[in-house]
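To keep things clear, I will list the structure first and then write my remarks on it.
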Amino acid sequence: TMALIDNFITVLRRALSRTFYPVLQQAIGIGSAFEGWTAREEEVVYQVLVPLAPPLGHLFHLERDTDQQKPGRNFRVRVELECRCPREYQGMNMLCFQHHPDVIRRMTQQPNLLDTLCTDSYLDVKKTVHWFCTLVGASWQRLPQSRSWHLVVLPSKRSCNLRLTNGQESFQVKVLFGVRRHASDIFISSRYRGAHTPSTMWPESYAVAETKFFRHMAREAPQDSSHLKCLQLLARVLARKDFPIHSIKTIVMHLLHTIPVSQWQRRHFLLQLSDALEQLRISLEEKHLEHFIVGNQTLPEEIRLPPDVLRAKPPNLFHGLAQDPAAHSQAIQAYLDL
């Protein structure tokens with residue numbers, strides 16, 4: 001999967017080198033398939049995040065959305081043209097993108113980013129996804145994988161979803177886009193957050209930090225550690241109950257962070273399974289489950305958080321259950337069935 005996406009990024013960066021579209025950076029594998037477990041028993045979906053950087057003459061400014069009615073922490077990416085006047089770049093003969101956009105457009109025969117993928121000066125998720133999917137379809141035949149795989153670009157508004165088949169096997173790749181926050185492992189991303197998510201809204205994503213945590217635990221835990229088997233078993237059962245899988249993943253991450261790694265050996269599997277179920281029961285009864293990444297000041301040093309995420313109060317992932325008695329009853333029933 002990563003070889004495929006890296007090939008795409010290489011080909012597309014070459015094609016976009018003289019344009020003012022976003023600069024595609026090295027893709028990052030995220031989510032369950034890259035963490036060593038999956039809730040799906042059928043076709044595996046590999047999620048990758050492609051970070052975006054501003055092109056020459058452009059700047060990205062991240063603006064926090066203050067609308068309390070929308071769940072989570074959300075941002076918008078304001079795109080500005082960069083001033084490159086001679087007084088700012090001494091000794092360099094440059095035209096200024098901010099003050100001479102028409103001249104640059106005429107000289108390069110290329111529109112700036114504000115003209116292409118933005119809505120009201122903000123980077124638009126749907127336009128970005130459509131742009132990338134079009135490039136993928138046009139460049140597929142230039143990739144070595146095209147000789148043995150068949151590619152279909154599946155319809156989606158906030159991610160580029162690819163299905164690859166070769167007659168014997170198939171898999172999906174879900175390509176999300178993001179902008180890194182403060183050189184950290186936290187991104188704002190194009191991921192879906194409800195049916196009414198505006199196309200200029202980029203929810204904050206902790207997927208990269210979570211995947212790094214699982215990789216850290218893979219190095220620290222015993223070779224026969226049962227934590228991934230425990231998570232996969234619970235996730236696959238809960239997936240049939242329409243239960244939020246991220247909640248059981250969060251519980252397992254909390255347990256991994258508090259229980260000594262030596263106790264995750266295979267012979268303790270039933271004990272760890274029991275611990276996870278008990279913690280789920282308590283969280284459901286209290287209608288409270290703290291986010292694992294936000295506000296966690298005891299993460300491994302390799303996981304980097306922006307100052308505001310580090311200091312923030314961990315949100316309650318079960319806040320919705322406290323507001324909706326019917327949803328809470330349904331979650332309790334799913335737990336009892338489990």
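Counting only protein heavy atoms, what percent of the accessible surface of region 182-314 is carbon or sulfur at a 1.4 Å probe? Working shown, then result.
Values: 3320 of 6410 Å².
Carbon-and-sulfur percentage of accessible area, whole number: 52.
Just one of (1) 44, 30, 19; (2) 40, 24, 19; (3) 41, 20, 18 is semi-axes √(5λ) of the Cα gyration tensor in Å calculated from these coordinates, so which is it?
(2)
Rounded to whole Å and sorted largest first, list the principal axis extents of the Cα atoms in region 221-337.
40, 40, 20
By average Cβ neighbour count within 10 Å, what is the ranking of 60-67, 212-219 from highest down?
Peptide ranking by packing, descending: 212-219, 60-67.
By how many degrees, between 0 and 90 and to the nearest 10, does the Cα long axis of helix 245-258 differ from the longest principal axis of the chain?
Roughly 70 degrees, rounded to the nearest 10.
Given 299, 271, 322, which one lies farthest toward the positive end of the charge dipole of region 221-337, if we put +1 on the Cβ of every Lys and Arg and -1 on the Cβ of every Asp and Glu?
271
Just from its helices, what would the mean residue ellipticity at 222 nm be for the chain, if runs of 4 or more DSSP H residues each count -39500 (n - 2.57) and the sum is divided by every residue, rounded to the nearest 500 deg cm²/dmol? Provide the component values of the computation, followed by the final result.
On the way: 12 runs with 127 residues, N = 338.
For the chain, the value works out to -11000 deg cm²/dmol.
Counting only other residues whose beta carbon sits under 10 Å from that of residue 185, what net charge do I get with K and R as +1, D and E as -1?
On the way: positive: 180, 181, 212, 304; negative: 210, 302.
Its environment carries a net charge of +2.
Looking at this model, which pairs from 127/249; 212/249; 126/174; 229/249; 127/157; 126/249 are more than 20 angstrom apart at the alpha-carbon?
Numbers: 127/249 32 Å; 212/249 14 Å; 126/174 15 Å; 229/249 12 Å; 127/157 9 Å; 126/249 29 Å.
From the list (127/249; 212/249; 126/174; 229/249; 127/157; 126/249), the Cα-Cα distance tops 20 Å for 127/249; 126/249.
The values are calculated or read from the model by the stated rules, or taken from the named source; none is laboratory data. Just so you know, these numbers come straight off a predicted model, no measurement behind them. Don't worry about glycine lacking a Cβ; one is built from the backbone with ideal geometry, like all the others, and counts go over all protein chains shown. Side chains included, ligands, DNA and RNA excluded: accessible areas come from the protein's heavy atoms. Shrake-Rupley method; radii C 1.70, N 1.55, O 1.52, S 1.80 Å.
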